[in-house]
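Novice: Got a structure for you, written out below as structure tokens; questions coming shortly.
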Amino acid sequence: MKVCKFGGTSVASAEQIKKVAAIIKQDASRKIVVVSAPGKRSDDDVKVTDLLICLAEAALAQEKVDRELAAVVNRYAEIAAGLGLDHQIVQVIESDLRDRLTHSRENRDLFVDQLKASGEDNNAKLIAAYFSSVGLEAEYVNPKEAGLVVSDEPGRARALPEAYENLSHLRGKKGIVVFPGFFGYTPDGVMMTFARGGSDITGSILAAAVEAELYENFTDVDSVYAANPKVVDRPAEIKRMTYREMRELSYAGFSVFHDEALMPAFRHSVPVCIKNTNNPSAEGTLIVAEREYSNSPVSGIAADGGFSTIYVRKYLMNRELGFGRRLLQILEDEHISFEHTPSGIDDLSVIVRSHQLTPEKEARIISRCRKELLVDDVHIEHHFAMVVLVGEGMHNTLGLSARATAAISRVGANIEMINQGSSEVSLVFGIHEEDTEKVLKELYKEFFSSSAVVEA
Ligand code: ASP
């Protein structure tokens with residue numbers, strides 16, 4: 001059996017949902033269907049999840065919410081009309097939203113989560129109704145009843161280990177299960193959403209729980225590309241990659257698959273296939289535990305901005321027991337997680353996502369480093385990007401870093417940091433944000449132009 005997840009653009013309109021039904025009809029093994037909330041119908045459109053966040057915020061600000069509520073309800077009304085469904089389903093959705101608006105606002109995050117989660121929840125109900133109307137035996141299944149238990153972290157919940165056991169019974173269910181993505185419930189029954197884009201995570205958890213033969217993740221591109229198609233002209237398609245490669249690439253900016261979504265599939269050895277709802281006959285990208293090496297040691301190049309560096313220097317740091325722990329403790333106290341920690345004998349840089357910092361936090365970090373760690377120098381710099389070369393077997397390829405650094409220097413960009421040590425499948429370069437596009441283009445040329453592939 002297969003678990004299929006359809007992302008926001010795949011369920012953004014009646015026309016798209018008809019394609020989803022055709023895909024499900026075409027293969028009887030597609031038994032569990034996880035859906036997102038309606039996403040963007042065009043580049044300048046707004047996702048229903050974002051409309052719901054606006055609705056929640058207006059309600060929290062004690063404003064009138066008629067306009068925001070109508071914006072959400074109208075999206076469903078348009079979809080329901082396009083699918084030929086009775087208007088009653090729209091009334092059900094509207095009263096569900098009104099009900100959610102009456103929930104306690106004491107904990108703002110929980111209130112926002114309530115509304116955010118309704119995007120997928122109501123879409124799943126609507127899609128199940130449509131499936132039934134076109135002769136598919138389908139049933140909406142609620143994550144609470146099914147046992148998708150998650151941690152108590154609004155907006156960034158994680159599945160608890162017992163969720164897998166709880167959900168495994170879905171394998172034996174008759175007909176097609178239509179399951180809303182993006183949220184679960186704490187053991188106390190409180191609704192929590194995953195991180196944004198988290199319907200991928202729900203799909204992966206279900207695929208792992210029912211031990212699916214395949215987890216198909218339907219989106220709006222034919223495959224995962226070797227570099228961002230918005231920057232590189234017609235990049236190569238990746239046909240097959242390993243979990244580790246996908247994990248590194250999605251961490252570093254490939255938005256086609258959520259980086260948290262890989263773990264459940266990986267741990268339960270469920271292969272993942274990224275496919276296109278608008279072109280389902282395209283083969284897609286298959287993500288598996290192992291792959292044969294292709295001509296190129298590099299399978300993809302990702303780049304992501306928005307990083308800051310906390311740099312500290314202290315003479316004889318290498319001899320000081322517990323220095324790193326104490327520095328990281330300061331960051332932990334500020335609720336900051338770190339991404340990389342390149343170090344020298346007397347220097348250590350901690351690279352973090354900039355959105356976690358505020359001027360107040362920075363001032364506290366600097367002052368504690370001076371007072372408690374007695375450092376010789378500490379400063380924080382912003383506007384860095386991380387460019388990541390990813391590929392199995394890359395580390396055994398002679399001269400690869402030399403080629404990469406030569407390519408970066410050709411475009412006049414300075415390398416601020418290199419991290420090759422810890423991961424076997426990636427090589428990370430820290431550069432200034434403004435150099436990102438030209439570096440990405442040049443690295444792509446270096447490793448993917450036809451002459452590069454033949455040479456490698
Ligand atoms: N609808 C949610 C979001 O926009 C989750 C998802 O689509 O995966 O973040």
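The values are calculated or read from the model by the stated rules, or taken from the named source; none is laboratory data. Keep in mind it's a predicted model, so treat the numbers as computed, not measured. Note that we place each Cβ from the backbone using ideal geometry, even for glycine, and neighbour counts take in every protein chain shown.
Novice: Note down all Cβ pairs under 8 Å where the first residue falls in the stretch 25-49 and is free of Cβ contacts under 8 Å to residues at least 40 places away in the same chain, the second is part of a strand (DSSP E or B), and they're at least six residues apart or on different chains.
Specialist: D27/K2
Novice: Is it true that A138 is away from the ligand (no atom under 16 Å from the Cβ), buried (at least 24 other Cβ atoms within 10 Å of the Cβ), farther than 17 Å from C273 by Cβ and at pLDDT 95 or above?
Specialist: Spelling it out, it is not the case that A138 is away from the ligand (no atom under 16 Å from the Cβ), buried (at least 24 other Cβ atoms within 10 Å of the Cβ), farther than 17 Å from C273 by Cβ and at pLDDT 95 or above.
Novice: Yes or no: the stretch 174-187 includes at least one residue that is in a helix (DSSP H, G or I) and modelled with pLDDT of 95 or more.
Specialist: No, the stretch 174-187 contains no residue that is in a helix (DSSP H, G or I) and modelled with pLDDT of 95 or more.
Novice: Considering only the stretch 50-82, how many residues are farther than 24 Å from F194 by Cβ and either within 16 Å of the ligand (Cβ to nearest atom) or touching a residue at least 40 places away in the same chain (Cβ under 8 Å) (or both)?
Specialist: Of the residues in that region, 4 qualify.
Novice: Right, here's the next one. Can you tell me how many residues within the stretch 347-396 are of a type in the set (K, R) and either over 18 Å from D333 (Cβ atoms) or at pLDDT below 95 (or both)?
Specialist: The first filter runs over the stretch 347-396 and keeps only residues of a type in the set (K, R), leaving 353, 361, 364, 368, 370-371.
Applying the additional criterion that residues be either over 18 Å from D333 (Cβ atoms) or at pLDDT below 95 (or both) yields none.
Going through the stretch 347-396 one residue at a time, the tally reaches 0.
Novice: Which of (1) in a loop (DSSP other than H, G, I, E, B); (2) within 16 Å of the ligand (Cβ to nearest atom); (3) in contact with a Ser or Thr (Cβ under 6 Å, 6 or more places away or on another chain) is the odd one out, the single condition K116 does not satisfy?
Specialist: Looking at each condition in turn, K116 falls short on (1).
Novice: Let me ask something additional. In this structure, does S255 turn out to be at pLDDT below 95 and in a helix (DSSP H, G or I)?
Specialist: no
Novice: Looking at (1) in contact with a helix residue (DSSP H, G or I) (Cβ under 7 Å, 6 or more places away or on another chain); (2) not small (G, A, S); (3) not in a strand (DSSP E or B), which one does N217 not meet, given that it meets all the others?
Specialist: In the conditions (1) in contact with a helix residue (DSSP H, G or I) (Cβ under 7 Å, 6 or more places away or on another chain); (2) not small (G, A, S); (3) not in a strand (DSSP E or B), N217 misses (3) alone.
Novice: E139 versus (1) touching a strand residue (DSSP E or B) at 6+ places or on another chain (Cβ under 7 Å); (2) in a loop (DSSP other than H, G, I, E, B); (3) of a type in the set (D, E, K, R): which is the lone unmet condition?
Specialist: Condition (2) is where E139 drops out.
Novice: Further question: Select from the stretch 19-65 the residues that are over 25 Å from G155 (Cβ atoms) and among the hydroxyl-bearing types (S, T, Y) and list them in ascending order.
Specialist: S29, S42, listed by residue number.
Okay, residues lined up against (1) of a type outside the set (V, I, T); (2) surrounded by 19 or more Cβ atoms within 10 Å (Cβ to Cβ):
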| site | (1), (2) |
| --- | --- |
| G7 | yes, yes |
| E15 | yes, no |
| K31 | yes, yes |
| V48 | no, yes |
| L55 | yes, yes |
| E78 | yes, no |
| T102 | no, no |
| N107 | yes, no |
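Novice: Please enumerate the residues belonging to the stretch 128-158 that are over 17 Å from Q26 (Cα atoms) and β-branched (V, I, T).
Specialist: If the condition is that a residue be over 17 Å from Q26 (Cα atoms) and β-branched (V, I, T), then V141, V149, V150 are the ones that fit.
Novice: Separate question: Helices (runs of 4 or more DSSP H) wholly in the stretch 349-456 with at least 2 residues that are among the acidic types (D, E) and without any contact (Cβ under 8 Å) to a residue 60 or more places away in the chain - which ones?
Specialist: Output list reads 359-373, 436-448.
Novice: Can you pull out the residues in the stretch 83-102 that are more than 30 Å from the chain's Cα centre (by Cα) and touching a residue at least 24 places away in the same chain (Cβ under 8 Å)?
Specialist: Within the stretch 83-102, G84, L85, I89, V92 meet the criteria.
Novice: Give the number of residues within the stretch 159-194 that are more than 16 Å from V34 (Cβ to Cβ) and within 15 Å of the ligand (Cβ to nearest atom).
Specialist: So the count comes out to 2.
Novice: Consider the stretch 36-49. How many of its residues are β-branched (V, I, T) and more than 9 Å from the ligand (Cβ to nearest atom)?
Specialist: Number of matching residues: 1.
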